Amino acid sequence: MDMTAADALVGTTLAHRYRVESKIANGGMATVFLAHDLRLDRRVALKVMHANLARDPQFVQRFINEALAVAKLSHPNVVQVYDQGSDQGHVYLAMEYVAGQTLRAALKARTRFSPAEALRIMVPILAGLGAAHQAGMVHRDMKPENVLITHDGQIKVADFGLARAAEASQQGLTKTGTLMGTAAYLSPEQITHSTADARSDVYACGIMLYELLTGRQPHTGDSPIAVAYQHVNEDVPRPSRVVPGIPPEVDSLVVRATERDPAYRLANAGQFLAAVFAAQKALDEQPSAAVTSVMEMAPAPAGDTAEDSDNATRTLQGVELPPVEYDDYEDDRPPRPSLRTPLLVATVLLLVVAVGFGWWMVDGRYETVPDLVGVESDEARRDLRMLGFRVQTAEEPAYSDEAPPGTVAATDPEAGSRLLPDTLVTLILSAGPQYVEMPDVEGASVAEARDALKEVGLTDIVEDEITSFDNPPGTVITTKPAPGEKANREESVTLTISAGFPMPNVVGQKVDDARRLLESSDLEVTVVEEHHDEVPEGHVISQDPEAETTVGAGQSVTLTVSSGPELVEVPDIRGWKVDKARKELEERGFEVTVHQVIGNRVGDYNPKGEAPKGSTIEIWTSPFGRERDRDRGREDRLWIGLD
């Protein structure tokens, strides 16, 4: 949505309900407006998707699905989603309107926060995020821009699930510098595998905590790609390297939340929140004088004033943060010795060098074999080589219930192993699960059944044919294992196939007898009639299929039945010349016998009317030839044949 289109929405009403009053902000995915809900008479934030995304059906569907899921999440530290819809080509979300500012704006105004302030800010963020994680949801784009602070200091997390909806439309880096998220907060697994879970949100929150403590992001570069590369290949440094004096408990929080390997990272926002509480408790137990002296060692960033420091525990750029209550502890321990003594400083430095060298010798040179189950083999090889390992693929695949066929089923050494660079790692590819559900192929043809079995990985197929009067030949009667049971891909499966039954011989039988016999075997009978000179009328001349041919239930059989000889009309040829009469009769299929005495014209012929085709017609030409009256059997009159 360009600015002209966005401004044009001001003053309009979407879905006959939301009157757009003014534009609040514009982002990479949407423009946010202040709107009035005419139905419930309340202010809402209306997030309207950009037109290029709204035209993408895949994005719109994922956006709707994610919005419906977020709408079910109810927590005081999460911006509520009220409604979702589309109108006039605009896809929108109606959300809770939070009057205030973003955490990004507050951070810009303050530059950085003290450890106590930073932890206090993280508590409501992680509480809201933790509720989402418990509900099985992942934010995917945690950053200060998506954390809102009300005028009374309440903190709310916004834009749950929208990054996931955008994945279908974002390929690689966008104009706004995102890689299916914001590069500065992307976890390594999001960059290398395009996968995200609760631990990815933890990583982003760890980056936010680092930024709150130091006023800067841990990884920077000229491009989002450069930043993403650092996330994959470099650890997030301890905040105390930038701001000396940050307590080790807080340093440790950042390190645990931003482990590059998600297996070593805090598992979810709930664990992160518990760790924050533990760190707050540890800070509260430290002597206030010691904490003050440590903070005095840290140089104040440009722009900080004494007034800022006095208000640091409660105020966030004029916004009152809700205090978090903890038990008060008294500590009678003597103050810590000053680290400014040269000898002590030298001792500490030597200790640090010794510990660092020892760590490098014991663990620092090692890399962790990642969990690659389900990853495509080419991608897995690339990831392992990036970690410095040599890679080979096992010759034989292995069965796996988790990895799709052709992807990685396991590695040798296994995932989580700590190895030196240049160690050989073997990829074992998946052959799919060993046990699969037996398909229901009963009633199918043998070819169809074989295709269905091979599709699920069952290739050792045994066929057993039996005579069957109930199933068409070549169809499956039963299977072993039965449909729905587990079938072992290492063992054979048996198909019991119908061989049908031999076709009975009904040639020469009366048609009614033949029909009864065939229909009793569940055959469908079709009768066609045909003249036949030899087969009596009503008897079977031939059958299709022929006798002894294999047939099966439901198959069609055609019987050709005699309708007797074909009758042909005998023309009245009396008075015709004999040659003409002979030719006419022969053309009609008759045999002709001429009884010629005197003359060349027909005096009489027999039979008259109709006669079977191929029968003989007798002709008399004698002037004494008699015309025979077959009905009365007597002489009628004399014909004299004259030329």
*asked:* Can you tell me which residue is farthest from ALA274 (Cα to Cα) among those in the stretch 233-255 that are aliphatic (A, V, I, L, M) and assigned to a helix (DSSP H, G or I)?
replied: VAL255
*Go through the stretch 74-110 and count every residue that is crowded, with 17+ Cβ neighbours inside 10 Å and under 25 Å from the mean Cα position of the chain (by Cα).*
2
*Output the strands (runs of 3 or more DSSP E) that fall wholly within the stretch 468-565 and possess 2 or more residues being outside the structural domain of PRO612 (by TED's automatic domain parsing) and of a type in the set (D, E, K, R), or say none.*
524-530
*From the list GLN230, GLN217, which residue is without any contact (Cβ under 8 Å) to a residue 40 or more places away in the chain and in contact with a helix residue (DSSP H, G or I) (Cβ under 7 Å, 6 or more places away or on another chain)?*
GLN217
*Of all residues in the stretch 214-272, count the ones that are of a type in the set (D, E, K, R), within 17 Å of MET142 (Cα to Cα) and more than 36 Å from the chain's Cα centre (by Cα).*
1
*Would you confirm whether any residue within the stretch 430-446 is surrounded by 15 or more Cβ atoms within 10 Å (Cβ to Cβ), part of a strand (DSSP E or B) and among the charged types (D, E, K, R)?*
no
*Within the stretch 237-246, considering residues that are of a type outside the set (Lys, Arg) and touching a helix residue (DSSP H, G or I) at 6+ places or on another chain (Cβ under 6 Å), the one nearest to SER187 (Cα to Cα)*: PRO239
*asked:* For the stretch 192-231: of the residues being of a type in the set (A, V, I, L, M) and in contact with a Leu (Cβ under 7 Å, 6 or more places away or on another chain), which is surrounded by the fewest Cβ atoms within 10 Å (Cβ to Cβ)?
replied: ILE225
_Can you confirm whether ARG336 is farther than 30 Å from GLN230 by Cβ and modelled with pLDDT under 90?_
yes
*Find the residue count for the stretch 21-42, including only residues that are out of contact with any strand residue (DSSP E or B) (no Cβ under 6 Å at 6 or more places or on another chain) and part of a strand (DSSP E or B).*
2
*Criterion violated by PRO370 - all others in (1) assigned to a loop (DSSP other than H, G, I, E, B); (2) free of Cβ contacts under 8 Å to residues at least 60 places away in the same chain; (3) over 22 Å from the mean Cα position of the chain (by Cα); (4) under 19 Å from ASP261 (Cα atoms) satisfied*: (2)
*List, please: which pairs have Cβ atoms under 7 Å, are six or more places apart or on different chains, and start with a residue in the stretch 260-284 that is without any contact (Cβ under 8 Å) to a residue 24 or more places away in the chain and end with one that is surrounded by 19 or more Cβ atoms within 10 Å (Cβ to Cβ) and in a helix (DSSP H, G or I)?*
ALA275/LEU253
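The values are calculated or read from the model by the stated rules, or taken from the named source; none is laboratory data. Please read these numbers as outputs of a predicted model, since none were measured by experiment. Cβ: placed from backbone, ideal geometry, glycine included. Neighbour counts: every protein chain shown.
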